[in-house]
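Below you'll find the structure, written out as structure tokens, and then a few comments.
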Amino acid sequence: MKAILSVKDTNEIFGIEEALRQTNEFEDISVCSDTIVALSEISKGAFDIAVFDLELFKKNIMETFSCIKDVHSEAPFVRIILLVNEDDDVMASAAVRFGIDCVITRPYDEEQFVSKVKELCTLRIEGNKNSDPNRNIYLEKLVSSILSHTGILPNIKGYKYLKEAIITGYNDRSAIEKITKTLYPLIAERNNASPQRVERAMRHAIITAWNKCGGNNFYSRMEIETVYGDKKPTNSEYICAVIEYLDNNIY
């Protein structure tokens with residue numbers, strides 16, 4: 001596979017290169033300090049992973065985000081990672097709406113980065129196997145948007161587990177019939193984690209978002225009628241509510 005990196009700090013670039021090479025899946029890793037030039041290269045070539053640094057285009061954020069969205073529509077199978085600092089939560093939320101697949105907040109460690117790359121590569125492979133790849137891409141982006149609108153941002157612990165669980169449950173309804181015995185172990189195996197860790201991380205994300213959004217706003221942001229009153233939804237209730245929303249909105 002091929003990757004392109006557009007990152008400000010040379011030491012960070014070196015660390016990312018090493019992390020990608022450790023996966024033994026990347027035969028070509030390019031480095032480009034100019035984000036616009038990097039986006040141009042993506043539109044020309046078959047890159048699998050692109051890593052961008054928000055620090056490189058902070059003066060033209062929305063313009064660059066728009067360029068990323070346009071390029072991603074031309075090259076839908078490239079997975080785009082955005083690196084941000086801890087104080088960039090607002091930009092992290094906006095990034096998802098412009099075609100960025102994953103936001104990683106500094107500081108991060110090599111294990112976390114490699115895990116995210118593997119997850120994105122897996123989703124890319126599964127998408128290629130689908131008879132209708134555009135539908136799979138649309139599904140993934142819609143789930144990302146729903147999570148963000150309900151206050152569950154990419155930098156919140158549990159985000160990636162919920163995203164995987166929703167997509168898995170939407171495609172295989174039998175998985176959500178036995179969430180504890182089927183879905184948690186499946187997500188855990190994909191991420192080298194325990195089912196208990198997956199369950200706790202999902203719960204943490206939902207509670208954090210519920211408190212942030214203020215009760216019923218949690219559902220209204222998703223355009224779903226409140227069905228659980230003021231009670232915080234369980235993991236399964238949230239996942240099923242999102243899947244219900246997808247049933248009504250997927251073409």
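Before moving on, here are some points about what is shown:
- Residue that is farthest from Ala201 (Cα to Cα) [pool: residues in the stretch 143-157 that are under 11 Å from the mean Cα position of the chain (by Cα) and part of a helix (DSSP H, G or I)]: Ser145
- Lone unmet requirement of (1) among the charged types (D, E, K, R); (2) buried (at least 16 other Cβ atoms within 10 Å of the Cβ); (3) at pLDDT below 80 for Asp48: (3)
- Look at (1) assigned to a loop (DSSP other than H, G, I, E, B); (2) among the charged types (D, E, K, R); (3) modelled with pLDDT of 80 or more and you find that Lys163 fails only one, number (1).
Per-residue answers, yes or no, for (1) in contact with a helix residue (DSSP H, G or I) (Cβ under 7 Å, 6 or more places away or on another chain); (2) buried (at least 18 other Cβ atoms within 10 Å of the Cβ); (3) farther than 16 Å from Val114 by Cα:
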residue: Ile4; (1), (2), (3): yes, yes, no
residue: Thr10; (1), (2), (3): no, no, yes
residue: Thr35; (1), (2), (3): yes, yes, yes
residue: Ala38; (1), (2), (3): no, yes, yes
residue: Lys58; (1), (2), (3): no, no, yes
residue: Ser66; (1), (2), (3): no, no, yes
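- Filtered residue count, the stretch 68-101, keeping only those that are in contact with a helix residue (DSSP H, G or I) (Cβ under 6 Å, 6 or more places away or on another chain), modelled with pLDDT of 80 or more and of a type in the set (Val, Ile, Thr): 3
- Candidate set from the stretch 108-145 (those that are modelled with pLDDT under 80, in contact with a helix residue (DSSP H, G or I) (Cβ under 8 Å, 6 or more places away or on another chain) and β-branched (Val, Ile, Thr)); member that is farthest from Ala95 (Cα to Cα): Thr122
The values are calculated or read from the model by the stated rules, or taken from the named source; none is laboratory data. Computed from a prediction, not measured in an experiment: that's the story for all the values here. Neighbour counts are summed over all protein chains in view; Cβ atoms, including those assigned to glycine, are modelled from backbone coordinates with ideal geometry.
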